[in-house]
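Asks: Take this structure, written in structure tokens, and hold onto it; I'll ask about it next.
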Amino acid sequence: MPLLVPISKFFTLSFLLKTKSTIIKVNNPLVQANHLTYFTPVRTMSQSTGIPKKLQRVKDHSYDNYMEIHKKIRKVLKFQDLLLSQPTKSLCIARLDALSRRLGFKQFEAGVFMLKFPHIFEIYEHPVQRILYFGLTCKAKLQIDQENNALQAQISLAVTRLRKLLMLSNTGRLRLEHVRIAGNEFGLPDDFEYSVVLKYPCYFRLYDGKDTRSKYIELVDRDSSLGVCSIEASREREYRERGIDAENIRFSFIINFPPGFKIGKYYKIAVWKWQRLPYWSPYENISGFDLRSLEAQKRMEKRAVAMIHEILSLTVEKKMSLERIAHFRMAMDLPKKLKDFLLQHQGIFYISTRGNHGKLHTVFLREAYKKGELVEPNELYLARRKLAELILLSPRKANVDRELSGFRRDDERRSLRNEYIEKNGESNMLEEQLKRSEGRISDQSDSDSSVDLETKEGEQAESNSDMDSNVNFHFFGNNIDCSDVSDAEAVHLSS
């Protein structure tokens, strides 16, 4: 117990300024009677070298700009789903106002939004009803086909992702509805319950829960070869390529802080100590461990970082909304306040609040991105990225493309007309010229009725011979060049 010193001995102001003391309340009436106040000197504590529990989010505009584009993509996908659900893959424009709330728009906003993207949506007049309809352009349909083909081509990878996701859970099973909500991020098809789960009974088992009345996906057997995290593979690659000390990277993560993040001396020491802290692998079963000690709690916190890192590594675009990660919180022993927990590690993850008026939080894996693009892209990611490219194309370019396509159609029609004349125009033109020549002969015979029959026959023979020579010459000219044929003659010949 520290020695109590009366204040009467501390008359000098300099001593009071140099000594950091705390007032101790004395309940003894004898001491209170002497009107003495007692101080106890307290030793100055050094600043903590642990990672702070609460940190402010530092913005990274490269990820925020990506989410601004993704916000438009989500709205465009709502239009696409609505059009693809129709039998004719098109919809009347007059119904947009009635469906605006379903699409997440206010009144008259759906049509304005659709007109901003002419490379994806086209407006045309119905040939029978004579009213305006809108549908998908050829570029948009081609992008949808490419995405569906890429999705079907990587079904085997989707099966592996689902197996590893189930291995991350404590019990080896997850709720079917939670996997369905995040199925798009993991590259699973819409009917994955039948095309993936029930199609591979050697890997998965589907059963109904007794207490929750919901379906669960359970892993049949654990494969030890799949229990390797992506961060472990990257550590091995760094060790082989750069020759870094194995002890320093054995439990470390790739850290890349956002621009403008302030790193102090004590924070550097805290990060260095945290990087060397050992932890249990996310695929390791820790049900039999004693987790009551302070060291075990620190290891569990780092294991939670590795767990979220592995979940993001299993996704197609290395990103996922924070709300969907929270669905796996109970099954994977994740902390309750996920946002505050992830803000402690802004060098590994980035949380973007763009989209849905700040209510949507998207978590990015920083090491997987460079300048707004994936470092290791896959076919499904590239197919989805083409939709973003169509959104970013200028509407003026769409008008130029329509004009050029119109010129191409005119050229094609002109070439087809010339080919038709060259192939089938010979007999038609001969018949037309013969009809015209017969008409001229009949007119001449009526005007020269006073001439003898013998002179008529001679004139007819001479006129026929002249007409034959003219017809042959005109036909020969058509074989050389058919550009002088008018549109009316071409239509008449085609009929």
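The values are calculated or read from the model by the stated rules, or taken from the named source; none is laboratory data. Everything numeric here is computed off the predicted structure, so don't read it as measured data. For neighbour counting, all protein chains shown are included, and Cβ atoms are generated from backbone atoms with ideal geometry for every residue, glycine included. Accessible surface areas use protein heavy atoms only, side chains included; no ligands, DNA or RNA. Shrake-Rupley method; radii C 1.70, N 1.55, O 1.52, S 1.80 Å.
Asks: What are the residues in the range 168-199 that are surrounded by fewer than 15 Cβ atoms within 10 Å (Cβ to Cβ) and either touching a residue at least 40 places away in the same chain (Cβ under 8 Å) or in contact with a strand residue (DSSP E or B) (Cβ under 8 Å, 6 or more places away or on another chain) (or both), if any?
Replies: N170, T171, E177, I181, L198
Asks: Residues of the range 336-371 being more than 23 Å from F251 (Cα to Cα) and open to solvent by less than 20 Å² (accessible area, probe 1.4 Å), which ones?
Replies: I351, S352, G355, T362
Asks: Here's a follow-up. Specify which of the listed residues (I73, I123, I23) is farther than 30 Å from L338 by Cβ and modelled with pLDDT of 90 or more.
Replies: Unique residue meeting the criteria: I123.
Asks: If you don't mind, another one. List every residue pair whose Cβ atoms lie under 9 Å apart, where the two residues are 6 or more positions apart in sequence or sit on different chains, the first residue falls within the range 371-399 and is closer than 15 Å to N184 by Cα, and the second residue, located anywhere, is modelled with pLDDT under 90 and open to solvent by 20 Å² or more (accessible area, probe 1.4 Å).
Replies: Partner pairs satisfying both residue conditions: R385/E373.
Asks: Counting only residues that are part of a loop (DSSP other than H, G, I, E, B) and open to solvent by less than 20 Å² (accessible area, probe 1.4 Å), how many does the range 86-98 have?
Replies: Residues that pass the stated criteria total 1.
Asks: Of the residues N285, N256, only one is of a type in the set (S, T, N, Q), modelled with pLDDT of 90 or more and open to solvent by 50 Å² or more (accessible area, probe 1.4 Å); which?
Replies: N256
Asks: Among the residues of the range 100-114, are any free of Cβ contacts under 8 Å to residues at least 12 places away in the same chain and under 22 Å from E317 (Cβ atoms)?
Replies: no
Asks: Return the only residue of Q56, Q32 being at pLDDT below 90, open to solvent by 80 Å² or more (accessible area, probe 1.4 Å) and closer than 30 Å to F341 by Cα.
Replies: So the residue among Q56, Q32 that is at pLDDT below 90, open to solvent by 80 Å² or more (accessible area, probe 1.4 Å) and closer than 30 Å to F341 by Cα is Q56.
Asks: In the range 288-308, what count of residues is obtained for those that are open to solvent by 30 Å² or more (accessible area, probe 1.4 Å) and under 18 Å from L226 (Cα atoms)?
Replies: 0
Asks: Residues of the range 122-150 being part of a strand (DSSP E or B) and open to solvent by 90 Å² or more (accessible area, probe 1.4 Å), which ones?
Replies: E125, L132
Asks: Still on this structure, I have one more. Any residue in the range 70-85 that is out of contact with any Leu (no Cβ under 7 Å at 6 or more places or on another chain), open to solvent by 40 Å² or more (accessible area, probe 1.4 Å) and not in a helix (DSSP H, G or I)?
Replies: Scanning the range 70-85 turns up at least one residue that is out of contact with any Leu (no Cβ under 7 Å at 6 or more places or on another chain), open to solvent by 40 Å² or more (accessible area, probe 1.4 Å) and not in a helix (DSSP H, G or I).
Asks: Sticking with this one: Out of all the residues in the range 389-400, is one or more at pLDDT 65 or above and either open to solvent by less than 50 Å² (accessible area, probe 1.4 Å) or under 27 Å from I325 (Cβ atoms) (or both)?
Replies: Checking the range 389-400: at least one residue is at pLDDT 65 or above and either open to solvent by less than 50 Å² (accessible area, probe 1.4 Å) or under 27 Å from I325 (Cβ atoms) (or both).
Asks: Go over the candidates S321, S313 one by one and state the one that is among the polar types (S, T, N, Q), in contact with a His (Cβ under 7 Å, 6 or more places away or on another chain) and at pLDDT 90 or above.
Replies: None of the other options fit; the residue is S321.
Asks: Just checking, how many residues over the range 321-334 are open to solvent by less than 40 Å² (accessible area, probe 1.4 Å) and within 19 Å of Y283 (Cβ to Cβ)?
Replies: Residues flagged as open to solvent by less than 40 Å² (accessible area, probe 1.4 Å) and within 19 Å of Y283 (Cβ to Cβ) within the range 321-334 amount to 5.
Asks: So, one more: On the given criteria, is L342 hydrophobic (A, V, I, L, M, F, W, C) and either in a strand (DSSP E or B) or closer than 27 Å to E68 by Cα (or both)?
Replies: Yes; evaluated as a whole, the condition is true for this residue.
For (1) closer than 28 Å to G227 by Cβ; (2) in contact with a Pro (Cβ under 6 Å, 6 or more places away or on another chain); (3) not hydrophobic (A, V, I, L, M, F, W, C), each residue gets a yes or a no:
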residue: Y133; (1), (2), (3): no, no, yes
residue: L142; (1), (2), (3): no, no, no
residue: N148; (1), (2), (3): no, no, yes
residue: I155; (1), (2), (3): yes, no, no
residue: A158; (1), (2), (3): yes, no, no
residue: R161; (1), (2), (3): yes, no, yes
residue: L168; (1), (2), (3): yes, yes, no
residue: L174; (1), (2), (3): yes, no, no
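Asks: Does S293 meet the test of being hydroxyl-bearing (S, T, Y) and modelled with pLDDT under 90?
Replies: It is true that S293 is hydroxyl-bearing (S, T, Y) and modelled with pLDDT under 90.
Asks: Could I ask something else about it? Hey, can you tell me all the residues within the range 264-282 that are touching a helix residue (DSSP H, G or I) at 6+ places or on another chain (Cβ under 8 Å) and open to solvent by 50 Å² or more (accessible area, probe 1.4 Å)?
Replies: R276
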